[in-house]
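Trainee: Structure in structure tokens, see below.
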Amino acid sequence: MMKAMHIKGLNCRRIVVLLFVCFSVVTSFPSPASSEEIYTFERMWPTLQQPWYFYGPQGIAVDNNGNVYVTEDNNNSVQKLTSGGQLISKWGSEGAGDGQFQFYHIPQELPLLSGIAVDASSYVYVADNGNHRIQKFTSSGQFVAKWGTEGNADGQFKYPSGICTDGNGNIYVADYGNHRIQKFTSDGQFIAKWGSEGAGAGEFNEPCGICADNNGNIYVADSYNNRIQKFTVDG
């Protein structure tokens, strides 16, 4: 009889211990959030040194030091960054004054770029398309020169778009609305032009991007003819 009572007592203690363990495990789980709980922001990751970068980036160019220049359409500005994306400087605002831009951006006109190029001396050239002109700056954004007005005569533009430089420092501009390419010296003196509206060889339908290779060949993105055309430096 005593032995049976002893066993029964052990069983009771075991049950009590088991219930205690179960209770401890259950209460260790987090409870569902209630309307009375208050949460405080601690941190965000990854941490960005520049949490906001661009608003409508379009043209892009790189100088001999690896710095990157970006035209920012919706802010009518140019940003200069390191190759790792750290901001170095920024210049420009909306307007028609020296160092100001009027970048033309309409969704259905996506091929129209606010082009930018950098020459071997690190001068920066910007296709200020809404003002129908080219602007030249130092690498730090100081205004140097400008040329062009709206029209179709030599040295005039209708929404200049792509822009590039060759090894001799000459400037090539995709004159979007005039369906042609224009070539200038680095200070804006007109040298040559070629192209007209059409789909034949050497003709364009709103040319947009343009670049030059190390051999002096010129490549043009003939946007609405859905093709690329290659030319010599004289067209």
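The values are calculated or read from the model by the stated rules, or taken from the named source; none is laboratory data. Remember, it's a predicted structure, so these values are computed and weren't measured experimentally. So basically every Cβ, Gly included, is an ideal-geometry build from the backbone, and we count neighbours across all protein chains shown. Accessible surface areas use protein heavy atoms only, side chains included; no ligands, DNA or RNA. Shrake-Rupley method; radii C 1.70, N 1.55, O 1.52, S 1.80 Å.
Trainee: From a point 7 Å beyond the Cα of SER196 in the direction of its Cβ, which residues of region 205-226 have a backbone N at a distance under 17 Å?
Mentor: Counting only backbone N, you get 205-207.
Trainee: Could you please state how large a percent of the accessible area of region 150-202 is carbon and sulfur, counting protein chains only and using a 1.4 Å probe?
Mentor: Answer for region 150-202 is 40 percent, counting heavy atoms of protein chains only.
Trainee: Quick one: 3J(HN,Hα) in Hz for region 117-124, Karplus 6.51/-1.76/1.60 with θ = phi - 60°, rounded, Gly and Pro as x.
Mentor: Listing the rounded values in order: 9, 10, 8, 5, 8, 6, 6, 10 Hz.
Trainee: Express in % the proportion of alpha carbon pairs of region 165-235 at distances exceeding 17 Å.
Mentor: Counting pairs separated by more than 17 Å, the tail of P(r) holds 34 percent.
Trainee: On to the next question. For region 78-88, in order, what is each residue's ³J(HN,Hα) by Karplus, 6.51 cos²θ - 1.76 cosθ + 1.60 with θ = phi - 60°, in whole Hz (x at glycine and Pro)?
Mentor: My calculation for region 78-88 gives 10, 10, 10, 9, 6, 5, x, x, 7, 5, 9 Hz in order.
Trainee: Something else now. What are the ³J(HN,Hα) values, in whole Hz, obtained from phi via the Karplus relation 6.51 cos²θ - 1.76 cosθ + 1.60 with θ = phi - 60°, for each residue of region 159-171 in sequence order, with x given for Gly and Pro?
Mentor: Working through the residues one at a time gives 6, x, 10, x, 8, 8, 10, 10, x, 9, x, 6, 10 Hz.
Trainee: Turning to a different aspect of this structure: How high is the FRET efficiency between ILE88 and GLN189 when r is their beta carbon distance and R₀ equals 25 Å, given to the nearest 0.05?
Mentor: Efficiency at R0 = 25 Å is approximately 0.25.
Trainee: Compute the distance from the alpha-carbon center of region 152-169 to that of region 76-150, in whole Å.
Mentor: 13 Å
Trainee: Could I have the simple spin-label model distance between ASN64 and SER140, label points 7 Å from Cα toward Cβ, reported in nm to one decimal?
Mentor: 1.9 nm
Trainee: I want the local charge near LYS136. Using Cβ-Cβ distances under 10 Å, sum +1 for each Lys or Arg and -1 for each Asp or Glu among the other residues.
Mentor: Surrounding charge for LYS136 is -1.
Trainee: Holding the Cα-Cα limit at 26 Å, pick out from LYS80/LYS230; LYS136/LYS158; LYS90/LYS193; LYS146/LYS230 the pairs that are longer than that.
Mentor: LYS80/LYS230; LYS90/LYS193; LYS146/LYS230
Trainee: With the cut-off at 1.5 for a/c, could you classify region 129-186 from its C-alpha gyration tensor as rounded, prolate or oblate?
Mentor: Because a/c hits 1.5 or more and a/b fails to exceed b/c, region 129-186 counts as oblate.
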